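These notes concern the structure reproduced below.
The values are calculated or read from the model by the stated rules, or taken from the named source; none is laboratory data. As the structure is a prediction and not an experimental result, all values here were calculated from the model. Neighbour counts are summed over all protein chains in view; Cβ atoms, including those assigned to glycine, are modelled from backbone coordinates with ideal geometry. Ligands, DNA and RNA are stripped out before the accessible areas are found, and what is left, the full protein with its side chains, is counted by its heavy atoms. Shrake-Rupley method; radii C 1.70, N 1.55, O 1.52, S 1.80 Å.
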Amino acid sequence: MLHRLVAQLPRFLTIYNAQFLGRALLITLALSVLGCGIGLAFGFALAVLRRTSGRAIGPLRAVAVLFVEMFRRIPFLVTLFLVFYATQAGGLDVSLFLIATISVCLIATAYLSEIVRAGLEAVHPNQWDSAAVANFTLLQTLRLVVVPQAWRVILPPGFSFFLLFIKDSALASQIGLVELTYAGKALNNRGFLPILSFGSILLLYFALSYPLTLLGRHLEARLARPRHH
């Protein structure tokens with residue numbers, strides 16, 4: 001085993017393999033950032049919609065609730081295959097990256113919507129009432145009063161979801177998207193030892209996730225409520 005490892009190492013440590021893994025790393029990061037970023041925007045919109053009380057948009061609220069409850073209970077892999085086969089059945093010529101991004105967006109929208117809704121509800125009702133008395137519009141209320149307070153509640157679980165989805169994005173390899181996990185399989189299929197192919201993937205996942213974890217902690221510390229002793 002050790003002899004084979006030493007023998008394969010020079011052939012594994014090539015510029016071609018480094019570029020191959022680098023592209024896979026960028027695809028994994030882009031998939032997570034785009035999917036969760038767009039999901040946060042749509043999730044925020046759904047969370048705000050569910051807080052409205054107008055009867056005219058009652059059907060929209062019902063659709064929002066149905067969407068959130070459904071996609072929070074469907075595994076990401078199932079969603080991925082549904083989007084994949086739906087595009088195939090519709091004759092749409094779209095890239096695997098776009099299919100995976102749409103799938104991430106659907107799941108991220110549902111989960112992040114609940115996280116945002118919890119943050120909005122954490123703001124005391126008096127804050128909402130005060131903004132209404134001041135004749136603030138809904139957008140002004142959110143921008144000036146609610147979101148600056150709710151963000152402290154939203155950020156920790158929201159960032160944790162993003163970090164978890166970096167790992168869950170490995171499931172996109174099931175449709176042939178060349179992200180990190182697919183790259184590890186490809187290198188293993190070329191005859192490299194699993195300790196080299198998947199060991200390098202392990203290190204790259206760590207190199208991607210750990211700095212983001214530190215960033216999340218830094219942002220949480222900056223947004224933390226001041227403590228009075």
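With the requirement that a residue be hydrophobic (A, V, I, L, M, F, W, C) and part of a loop (DSSP other than H, G, I, E, B), what does segment 181-199 give you? Those that are hydrophobic (A, V, I, L, M, F, W, C) and part of a loop (DSSP other than H, G, I, E, B): PHE192, LEU193.
Candidates in segment 172-196 are the residues that are out of contact with any Lys or Arg (no Cβ under 8 Å at 6 or more places or on another chain) and hydroxyl-bearing (Ser, Thr, Tyr); of these, the one that is least open to solvent (accessible area, probe 1.4 Å) is THR181. When THR14, THR28 are screened for being over 21 Å from the mean Cα position of the chain (by Cα) and either under 21 Å from PRO194 (Cβ atoms) or surrounded by 13 or more Cβ atoms within 10 Å (Cβ to Cβ) (or both), only THR14 passes.
Entry remark, segment 31-49: residues being more than 26 Å from VAL178 (Cα to Cα) and either open to solvent by less than 50 Å² (accessible area, probe 1.4 Å) or of a type in the set (D, E, K, R) (or both) number 5 in total. For segment 118-130, residues that are of a type outside the set (A, V, I, L, M, F, W, C), surrounded by 13 or more Cβ atoms within 10 Å (Cβ to Cβ) and over 16 Å from VAL153 (Cα atoms) total 1. Taking the criterion of being in a helix (DSSP H, G or I), open to solvent by less than 70 Å² (accessible area, probe 1.4 Å) and farther than 17 Å from CYS105 by Cβ, the residues of segment 50-68 that qualify are ARG50, ILE57, GLY58, ARG61, ALA62, VAL65. Contact annotation: residue pairs with Cβ atoms under 8 Å, 6 or more positions apart or on different chains, pairing a residue in segment 131-156 that is more than 11 Å from LEU223 (Cα to Cα) and open to solvent by 50 Å² or more (accessible area, probe 1.4 Å) with a partner that is assigned to a helix (DSSP H, G or I) and polar (S, T, N, Q), are ALA132/THR141.
Here are VAL178, VAL146, VAL153: which of them is β-branched (Val, Ile, Thr) and assigned to a loop (DSSP other than H, G, I, E, B)? I'd like the intermediate steps shown before the answer.
On the way: VAL146 fails: assigned to a loop (DSSP other than H, G, I, E, B); VAL153 fails: assigned to a loop (DSSP other than H, G, I, E, B).
Only one candidate qualifies: VAL178.
When the residues of segment 94-117 are filtered to those that are closer than 16 Å to ALA45 by Cβ and over 13 Å from the mean Cα position of the chain (by Cα), the one that is surrounded by the most Cβ atoms within 10 Å (Cβ to Cβ) is VAL116.
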